[in-house]
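Single-structure report; data block below.
The values are calculated or read from the model by the stated rules, or taken from the named source; none is laboratory data. The structure presented is a predicted model; accordingly, all values stated were derived computationally and were not measured. Cβ sites come from the backbone with ideal geometry, for glycine too, and all protein chains shown count toward neighbours. The protein model used for the area step is the full one, side chains on, heavy atoms only, and it has no ligands, DNA or RNA in it. Shrake-Rupley method; radii C 1.70, N 1.55, O 1.52, S 1.80 Å.
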Amino acid sequence: MHTTYEDLMEQAYSLPDGRAKVEVLEEAIRVADSMGDIDLGYEARSELVETATFHGYPMKALVAFSWQLGQFDKDPERFDDYSLFWSYKWMLDQVPSFPDISRTQIENLLEDMRNRYREYGYSDRTYYYYRFVLGMKYGEAKAAEPYLKKFQEMEPDDMSNCQACEQDQLVEFQTMLGNYEEALRLAKPILKGRMTCGEVPHVTLAYLLKPLYDLGRLEEAKEYHLKGYRLIKGQRDFPEQFGQHIGYLTLVDPIRALEVFEECVGLTLNHENPHDKMIFDAYAAGLFKRLSQENVKFQVKLPVEYPHPEEATDVVRLSMRFGEMAMDTAQRLDQRNGNSYHTNRVKDIIG
């Protein structure tokens, strides 16, 4: 029986977000393109951009978004500018994670977004917000700080991120600087549930675990680990946060850390975001390094996709393997960025 574009889109809408939905949307795009139907191709790519961005396939999202942007420029009156410009921010969140995308290309994207926003009547607030975010992603906190002040001085507009996302970035920034008490002060509205969204407090809870542990606030760390891990368990969008939970557990309960690793590793092996996978791999390397100190013969449950099944009983080799993968990405990111931020971070995580 011939499967139509409409059949495929109906199937996609009935599926939960994830790999199966992405594959159906890609087939819908192929059908639309084979018919030469620009509008249907644009519609299917809009769905793909959102699904792929938030479920572990950012490169597929970048390719689809680039096609949409090209079609929009050919005929701006034909497509919805608001939804396209909103998803532009998702691309800026993703591109710094790819070491093969140069800083010049990232900067050109940011300036292009700014020009489009200005042309359609939006302020520079989002532009300065992403200057701040990109500075953090490059590992250049001091360079990012002036842009934090700039965007905070401006009134939000329809392209501004939600209050929870912006507050989360302020918390992460203070964590990055090592200002743990200030980070926890800024996190209060999130921790008390007054600021929430699709990814907050999920991400916030994960990167507060180490600061809470270092400050000796162990009961809070335990509470936020239990709450935070429940929020992200089984979701492909959180490899970095899986790693942070494993890192916390490595300090307080390494056997439970191994269980969490086994629950998550299948979601991260083929994840398309190099940076987020790097963080997971680094924490995994740290976990296996810690387990190697135990006088126990481990049998690690590895997914069938893992290319070295013989390493399941060798935690020393697993530590080396995951550490090498993390360090390779860190070095490539640092080469692109012109500093040593990610290399130092990975070394610190592995210990």
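A few remarks follow.
- Scanning segment 1-60 for residues that are surrounded by 15 or more Cβ atoms within 10 Å (Cβ to Cβ) and of a type in the set (Gly, Ala, Ser) gives Ala12, Gly18, Ala28, Ala32, Gly41, Ala44, Ser46, Ala52, Gly56.
- Residue ID - farthest from Gly247 (Cα to Cα), chosen from residues in segment 186-219 that are charged (D, E, K, R) and surrounded by fewer than 12 Cβ atoms within 10 Å (Cβ to Cβ): Arg194
- Test: residue in segment 281-289 that is of a type outside the set (Lys, Arg), more than 22 Å from the chain's Cα centre (by Cα) and not in a helix (DSSP H, G or I): no
- Filtered residues of segment 223-251 (kept if within 26 Å of Val315 (Cα to Cα) and open to solvent by 70 Å² or more (accessible area, probe 1.4 Å)): Leu226, Lys233, Gln235, Leu251
- Test result for Asp80, over 23 Å from Cys162 (Cα atoms) and surrounded by fewer than 19 Cβ atoms within 10 Å (Cβ to Cβ): no
- Within segment 1-57, the residues that satisfy the criterion of being β-branched (Val, Ile, Thr) and at pLDDT 95 or above are Thr4, Val22, Val24, Ile29, Val31, Ile38, Val49, Thr51, Thr53.
- Residue satisfying all of: in segment 170-179; polar (S, T, N, Q) and open to solvent by less than 40 Å² (accessible area, probe 1.4 Å); farthest from Asp276 (Cα to Cα) among these: Gln174
- Pairing each residue of segment 121-136 that is open to solvent by 10 Å² or more (accessible area, probe 1.4 Å) with any residue that is among the charged types (D, E, K, R), provided the two are 6+ apart or on different chains, yields C-beta distances under 6 Å for Tyr122/Asp157; Ser123/Asp157; Tyr127/Arg114; Tyr128/Lys150.
- Of residues in segment 142-169 being surrounded by fewer than 17 Cβ atoms within 10 Å (Cβ to Cβ) and aliphatic (A, V, I, L, M), the one farthest from Gly193 (Cα to Cα): Ala143
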